[in-house]
Amino acid sequence: MSAQALDVPILALEGAGRVHPGRGGTVRALGPVDLTLRRGELVAIMGPSGSGKSTLLALSGALDRPSEGRVRLDGRDLALLAPSELARLRRRFVGYVFQDLNLLPGLTALENVSLPLELDGARLVAARDEARAALERVRLAHLADRFPEELSGGEQQRVAIARAFVGPRALLLADEPTGRSTP
Ligand SMILES: Nc1ncnc2c1ncn2[C@@H]1O[C@H](COP(=O)(O)OP(=O)(O)OP(=O)(O)O)[C@@H](O)[C@H]1O
Ligand SMILES: [Mg+2]
């Protein structure tokens, strides 16, 4: 039976925390935190600067590993996955809007949004069609051929959001996605 049929949480943090080694001892960036998220749920994490929001999202999106506790995506303990399996999970399952966006400057808006689909083996025409539709959803289709530096901060943010939801993503993680403008 699939994880979905068993209603396994899409994301589960179990006592997950993160400390960083530093010059004057360790720095605790997060936790330990328990969090369960099921399909269709929307959760907003709020807290002051430096409280660990980006760290929590990085652990949730398998961009970083916890120094204690567990992170499960669709029931799978990330600590037990091989690097190639982790990469595939990040590419197919998780959409991520970075706090600093991480758009590729040498690619147009359309190419940035299309890239995850192309990396995942989609045909170019199909990938570009889906990317164009995603840009339409964030009302940016008319700027599809602009490069990131030719877009405003809020427009860049909407490109990053479109890139995060193309493909069959089950989990969308967004780090301060509305900080730069009101789309
Ligand atoms: N690589 C690192 N090494 C040492 N300390 C770190 C590291 N990354 C984050 N921290 C510290 O961990 C804490 C949490 O950082 P984090 O980026 O998760 O905060 P945040 O809630 O996202 O803040 P903001 O609202 O400013 O984005 C901060 O005190 C930060 O200085
Ligand atoms: Mg942050």
Original post:
Say we look at segment 125-183 and pick out the residues that are within 16 Å of ligand 1 (Cβ to nearest atom) and open to solvent by 90 Å² or more (accessible area, probe 1.4 Å); which of these is nearest to Arg88 (Cα to Cα)?
Top reply: Thr178
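Each row is one residue, and each column tells you yes or no for (1) at pLDDT 95 or above; (2) within 16 Å of ligand 2 (Cβ to nearest atom); (3) among the β-branched types (Val, Ile, Thr); (4) open to solvent by 40 Å² or more (accessible area, probe 1.4 Å).
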residue	(1), (2), (3), (4)
Gly31	no, yes, no, no
Asp34	yes, no, no, yes
Arg39	no, no, no, yes
Arg65	no, no, no, yes
Glu85	no, no, no, yes
Arg91	no, no, no, yes
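Here is a yes/no grid of residues against (1) in contact with a Phe, Trp or Tyr (Cβ under 8 Å, 6 or more places away or on another chain); (2) touching a residue at least 40 places away in the same chain (Cβ under 8 Å); (3) part of a helix (DSSP H, G or I):
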| residue | (1), (2), (3) |
| --- | --- |
| Arg70 | no, yes, no |
| Glu85 | no, no, yes |
| Gly95 | yes, yes, no |
| Asn102 | no, yes, no |
| Ser114 | no, yes, yes |
| Glu118 | no, no, yes |
| Gly121 | no, no, no |
| Arg128 | no, no, yes |
**OP:** Pull up segment 103-122, narrow it to residues that are more than 15 Å from the chain's Cα centre (by Cα) and open to solvent by less than 20 Å² (accessible area, probe 1.4 Å), then point me to the one that is farthest from Ser152 (Cα to Cα).
**Re:** Ser114
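The values are calculated or read from the model by the stated rules, or taken from the named source; none is laboratory data. Keep in mind that this is a model prediction, so the values were computed, not measured. Note that we place each Cβ from the backbone using ideal geometry, even for glycine, and neighbour counts take in every protein chain shown. Ligands, DNA and RNA are stripped out before the accessible areas are found, and what is left, the full protein with its side chains, is counted by its heavy atoms. Shrake-Rupley method; radii C 1.70, N 1.55, O 1.52, S 1.80 Å.
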